[in-house]
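The values are calculated or read from the model by the stated rules, or taken from the named source; none is laboratory data. Bear in mind the structure is a predicted one, so any value in this text is a computation, not a measurement. Note that we place each Cβ from the backbone using ideal geometry, even for glycine, and neighbour counts take in every protein chain shown.
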Amino acid sequence: MFLLTGVNWIVWTPYAVVSFIQAFGDPDSVPLWIAEFTATAAKSQVVWNPIIYNGTNKKFRMAFYQVLVSTLVSHGIT
């Protein structure tokens, strides 16, 4: 759980800082590539959470593989 919280802080803090600067400060002081990078990094957390959780929680991992296998079988992939 600490890992998930840490990743949350790492990816959302730069985005929050840039957003506050753009909203309450001088929006032109933040280069476009930084604004885009921080937004993309923050929103990429949607991808990282399941990967981290899958790697750190055995019950989740087992349930995930059961769903994955049953989905593949029902679609005739395996």
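Conditions tested, residue by residue: (1) free of Cβ contacts under 8 Å to residues at least 12 places away in the same chain; (2) touching a Cys at 6+ places or on another chain (Cβ under 7 Å); (3) among the hydroxyl-bearing types (S, T, Y).
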site: V30; (1), (2), (3): no, no, no
site: T38; (1), (2), (3): no, no, yes
site: K43; (1), (2), (3): yes, no, no
site: N49; (1), (2), (3): no, no, no
site: Y53; (1), (2), (3): no, no, yes
site: T56; (1), (2), (3): no, no, yes
site: R61; (1), (2), (3): yes, no, no
site: V67; (1), (2), (3): yes, no, no
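N49: at pLDDT 90 or above, surrounded by 12 or more Cβ atoms within 10 Å (Cβ to Cβ) and out of contact with any Gly (no Cβ under 6 Å at 6 or more places or on another chain), yes or no? Full working, then the answer.
On the way: at pLDDT 90 or above: no; surrounded by 12 or more Cβ atoms within 10 Å (Cβ to Cβ): yes; out of contact with any Gly (no Cβ under 6 Å at 6 or more places or on another chain): yes.
No: the conditions fail for N49.
Report those helices (runs of 4 or more DSSP H) wholly inside region 6-78 carrying at least 2 residues which are polar (S, T, N, Q) and touching a helix residue (DSSP H, G or I) at 6+ places or on another chain (Cβ under 7 Å).
Working: elements: 32-43, 45-56, 58-74.
Ranges flagged: 45-56.
Of all residues in region 3-15, which are among the hydrophobic types (A, V, I, L, M, F, W, C) and without any contact (Cβ under 8 Å) to a residue 24 or more places away in the chain? Write out each step before concluding.
The first filter runs over region 3-15 and keeps only residues among the hydrophobic types (A, V, I, L, M, F, W, C), leaving 3-4, 7, 9-12.
The answer is W9, I10.
Return a yes/no flag: does region 45-58 have any residue that is in contact with a Leu (Cβ under 8 Å, 6 or more places away or on another chain) and hydrophobic (A, V, I, L, M, F, W, C). Even if it seems obvious, please write down each step before you answer.
Taking region 45-58 and keeping what is in contact with a Leu (Cβ under 8 Å, 6 or more places away or on another chain), we get 49, 52-53, 56.
Then keep just the ones that are hydrophobic (A, V, I, L, M, F, W, C); that gives 52.
For region 45-58, residues in contact with a Leu (Cβ under 8 Å, 6 or more places away or on another chain) and hydrophobic (A, V, I, L, M, F, W, C): present.
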